[in-house]
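Notes follow the structure.
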Amino acid sequence: MKNNIVRKTGIRLMGIAAAMCSTFSFNPIGISYFAAVYMENEEKIWIFPIVFLTLAFTMPFLSALKYITIMIVYAIIYSLVEARRKVCGKYIGSSIAGICAFVIQAGGSLMTNESAKGILTGFLEGILVFALTAILNTGVHAILDKRGYEVFNNEEMISLGVLFGVLLYALKGTEVFTISIAPICMYLGILYAAYRYGVGMGAVVGTACGVVMMLWRGSTTSLGLMCLVGVMAGSFRSLGKLGCSIGYLAGIWLLGKFYDPYLLDIVNLGGVLFGTILFLIMPKQMIMQIEKRMKSINGNEGMEEKKGYILEVADSFRSLSKSIGKFHKQNDLSFAAAVQFNETAHLLENITEYVPQDWKHRREKTDKIYYALRKARLNVRSVHIIEQQNGREKIRIVAKTGNGRIMTVKEASAYVGRGYGKQVRSVSDGKTIINGEYAEYNFIEEPNFMVLTGVSGITKSGESISGDNFTCMELEEGQVLMGIVDGMGSGEEASEDSERVIGLLEDLLKAGYEEEAALKLVNSVLLGKDNGEASTAIDIGLMNLYSGKCSFYKSGAAATFIKRNQWVEVMKSTSMPVGVLQEVDYEAAYKKLYHGDYVIMVSDGVLETFEGEDKEEEISRFLMEIKEKNPKEMADSILEVACDRAENGIKDDMTVIVTGIWRK
């Protein structure tokens, strides 16, 4: 946060410097810098008054009026284009700035006697404004968005060199206690850039300083010499701050002695010495070489993700504690287990206190997501990529919009996917919009399949509450849990038992438990119930929406059917319900589902209405002839047939779940 404030303050102060770079009543640098910063969403509100006031106080009235008019027209046109296109690129914004500069300059010249000269001047200034805006925007964007451990590319280095040159040009003649500021900043900047970023950055900044010195002195020798000074500073960086400074000073002395005596001029030499002293006393963290900073960051990379994962597991344990606690009273075995789960969650949360919380630097994919969101004009506080238990990744961002804008989470997912390299979707957590307040948003890779589920059910005659309960929920990891839990008997008590079991299963599977382990834990919980009569039939399926594979687990449950075109597969169960035996009894099956398949789950009440010894075969024949395609209509049709076949009323609760799967 502190680093961001420093960067933004620097960008704003640079606006004053750029607006002061006027020559002969012309100021293409000031207007170009304004346009370059205006393209950065969060700085719009600041850069306009800064440049406006600086121009008003430093330029002749008519010249200031011209450039202020250009600023206003540019801001209006850019905002209109941006509102239409959502995102306005660097070259579009630069083109608008160049055209505005040309039109206003040419339009003003038509009211003079030298209109042809004015039009030509406007054309040349427009070209210059276009080029400078594009160059400066690259540097401004890098300053605002580049992470502290990232290396600048060639284009960014050139732009930053130009920005530094603009600053030096504006500082010419500025003195503090009779000491000239510009030479000090020049040599400090060369030494800092070369030491922190290497020879390349030193050469670029040195060249920019050479251009400025050439304008000051009118001598072209400065250009090559200052570039060489930057190269020398970068060449000695491996010797540390002191060694680098000594080699740097020795190089300047040699160049001044044998090539250009101006380097040893008292004013210039004072700048060299003061700049070197300031460099030596700068804090280590501020001037750390980029390679060492990257190593430091990489050594701690992933700590924030680990913390997030630990907290998720802690939440899961706490949910399990509540679920198990619903079954029993104090002082029994399950109550003790619930207490232990709760304590485990508390312990995990305490562990996260020792995990560093300020590691904001991420891998290459994380950075690409960050930049994609920034291009969408979102203010991004952090981006984390967290590996899920199934090996896939969840993307967690903390972001907000600016200037009162609102963006839907669905729109944001397109930008996240653009940076991530794959199509993603938001995790269903109730958030649908991104507004002006920072909030957390989660995204996962878009699955290959989608499902639609229909449920239909009816209670036993004479009962108001069904003893059956069902689930159909999408887990965060791209899996869908579907199932029926049939409590023993019917009525309120059976309903409570099945509801608690289905809730406990959901919590266990969300916590990352394997299906077999979840069934065993449910079985042990039911065995310890006070009245000893809590047996429950469980029929669940866990579908992977990425691969289409589905795992089925049945414990004392009715058959499950898979309908594919005119073919139906049956999965029967001969196991005992959970809560009956010490060792849980269940069958497991693993099936690959394809586009257009349907999974049909029914409770015992439905199965018993079909006649014959092989009731599953009877239902299969019916399913092969069913015409409905919508899962809800199919479930209703199955239940209707079951009710028609029931003689002497509905003798047991009936529930039907139909889940259709389709490739996206």
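The values are calculated or read from the model by the stated rules, or taken from the named source; none is laboratory data. Bear in mind the structure is a predicted one, so any value in this text is a computation, not a measurement. Positions of Cβ are generated from backbone atoms using ideal geometry, with glycine treated the same way; all protein chains shown enter the neighbour counts. Heads up: the accessible areas ignore ligands, DNA and RNA and are worked out on the full protein's heavy atoms, side chains in. Shrake-Rupley method; radii C 1.70, N 1.55, O 1.52, S 1.80 Å.
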Practice problem: Tell me, yes or no, whether region 262-269 has at least one residue that is in contact with a strand residue (DSSP E or B) (Cβ under 9 Å, 6 or more places away or on another chain), surrounded by fewer than 16 Cβ atoms within 10 Å (Cβ to Cβ), of a type in the set (Val, Ile, Thr) and at pLDDT 75 or above. | Solution: yes
Exercise. Would you point out which residue out of Ile76, Ile99, Ile70 is of a type outside the set (Phe, Trp, Tyr) and out of contact with any helix residue (DSSP H, G or I) (no Cβ under 9 Å at 6 or more places or on another chain)?
Key: Ile76
Exercise. Hey, could you check region 56-111 for residues that are in a loop (DSSP other than H, G, I, E, B) and either touching a residue at least 24 places away in the same chain (Cβ under 8 Å) or over 36 Å from the mean Cα position of the chain (by Cα) (or both) and say which is surrounded by the most Cβ atoms within 10 Å (Cβ to Cβ)?
Key: Met59
Self-check item: Residue list for region 443-486, filter: of a type in the set (D, E, K, R) and assigned to a strand (DSSP E or B)
Solution: Glu445, Asp468, Glu474, Asp486
Quiz item: Using beta carbons and a limit of 8 Å, which pairs, at least six apart or on different chains, have the first residue in region 587-607 and closer than 22 Å to Glu628 by Cβ and the second one in a loop (DSSP other than H, G, I, E, B) and open to solvent by 20 Å² or more (accessible area, probe 1.4 Å)?
Solution: Gly596/Asn565; Ser603/Asp652; Gly605/Lys460; Gly605/Ile650; Gly605/Lys651; Gly605/Asp652
Quiz prompt | Scan of region 560-574 for residues that are buried (at least 20 other Cβ atoms within 10 Å of the Cβ) and either within 18 Å of Ser498 (Cα to Cα) or out of contact with any Ser or Thr (no Cβ under 7 Å at 6 or more places or on another chain) (or both), ordered by number | solution = Thr560, Ile562, Lys563, Ser573
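Being among the β-branched types (Val, Ile, Thr) and either more than 16 Å from Tyr192 (Cβ to Cβ) or modelled with pLDDT under 80 (or both) is the requirement here; does Val211 meet it?
Details: among the β-branched types (Val, Ile, Thr): yes; either more than 16 Å from Tyr192 (Cβ to Cβ) or modelled with pLDDT under 80 (or both): yes.
Spelling it out, Val211 is indeed among the β-branched types (Val, Ile, Thr) and either more than 16 Å from Tyr192 (Cβ to Cβ) or modelled with pLDDT under 80 (or both).
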Quiz prompt | Pairs where the first residue, in region 375-389, is of a type in the set (Ser, Thr, Tyr) and the second is surrounded by fewer than 22 Cβ atoms within 10 Å (Cβ to Cβ) and assigned to a loop (DSSP other than H, G, I, E, B), C-beta under 6 Å, 6+ apart | solution = Ser382/Lys360
Quiz item: Among (1) open to solvent by 20 Å² or more (accessible area, probe 1.4 Å); (2) at pLDDT below 70; (3) not basic (Lys, Arg), which single condition is Gly148 missing?
Solution: (1)
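Which of the residues that make up region 606-664 are aromatic (Phe, Trp, Tyr) and open to solvent by less than 30 Å² (accessible area, probe 1.4 Å)?
Listed by number, the list holds a single entry, Phe610.
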Practice problem: Taking the options Asn4, Asn27, name whichever one is at pLDDT below 90 and open to solvent by 60 Å² or more (accessible area, probe 1.4 Å). | Solution: Asn4
Quiz item: Among the residues of region 365-402 satisfying the criterion of being modelled with pLDDT of 80 or more and part of a loop (DSSP other than H, G, I, E, B), which is farthest from the chain's Cα centre (by Cα)?
Solution: Thr401
